[in-house]
Amino acid sequence: MRSVKSVKSVKSVLASFFLLNFIMLPTSALAHTDHSHDGPGIVMNDPWVRSAPPNAPALGAFVTIGNNTDQDIKLVFANASGYREAQLHRTVKADGMMKMVEQKFMPIPAQGGLQLKPGSWHIMLMGPYTVPKEGEIVPIKLHFDNGEHQTVDFKVRKGKKMNHMKHSMH
């Protein structure tokens with residue numbers, strides 16, 4: 001009889017242990033997540049920042065963002081330590097001139113992507129406290145309208161020369 005009670009007691013303890021772990025696992029997993037996503041949903045390719053002289057008031061950041069989900073998403077905000085602010089921009093032609101205009105968001109179509117590149121969509125890193133040197137890494141946190149965010153390492157490198165553009169600030 002003792003062995004049956006012992007087996008039932010051990011089973012009860014094990015069942016309690018597994019139940020407790022089942023309940024606690026999602027809670028502990030949530031405590032460690034920040035909703036960042038490096039999986040197949042939102043992917044980054046070739047993140048880089050254009051190198052600039054030490055007195056540059058702003059730098060451009062570029063990346064190709066892939067959206068492997070079935071929902072359109074928007075990049076709604078970016079931030080980077082070491083800069084006064086990061087702004088979402090797009091170069092547009094207005095009144096016969098090309099100019100950079102701040103945007104409220106950047107659209108990334110479902111099962112598609114958006115290329116941030118010079119002369120088009122880009123992130124402006126405004127007011128660097130110290131301008132990074134070529135080869136250094138600039139971490140930028142990207143926030144999406146679906147609640148996800150990613151911190152992406154952008155490598156500083158030379159870019160092609162561009163024509164000077166009027167910079168329209170809002």
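Data for the structure
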| quantity | calculated |
| --- | --- |
| Selected residue (criterion: farthest from residue 141 (Cα to Cα)) from residues of segment 40-53 that are at pLDDT 95 or above and part of a loop (DSSP other than H, G, I, E, B) | 53 |
| Test: residue in segment 137-147 that is modelled with pLDDT of 95 or more, open to solvent by less than 40 Å² (accessible area, probe 1.4 Å) and either farther than 24 Å from residue 41 by Cα or among the charged types (D, E, K, R) (or both) | no |
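For (1) touching a residue at least 24 places away in the same chain (Cβ under 8 Å); (2) over 22 Å from residue 57 (Cβ atoms); (3) assigned to a strand (DSSP E or B); (4) of a type in the set (D, E, K, R), each residue gets a yes or a no:
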site	(1), (2), (3), (4)
87	yes, no, yes, no
99	yes, no, yes, yes
115	yes, yes, yes, no
138	yes, no, yes, no
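The values are calculated or read from the model by the stated rules, or taken from the named source; none is laboratory data. All figures in this text were calculated on a predicted structure; none of them were measured in a lab. So basically every Cβ, Gly included, is an ideal-geometry build from the backbone, and we count neighbours across all protein chains shown. The area values use the complete protein model at the heavy-atom level, side chains included, leaving out ligands, DNA and RNA. Shrake-Rupley method; radii C 1.70, N 1.55, O 1.52, S 1.80 Å.
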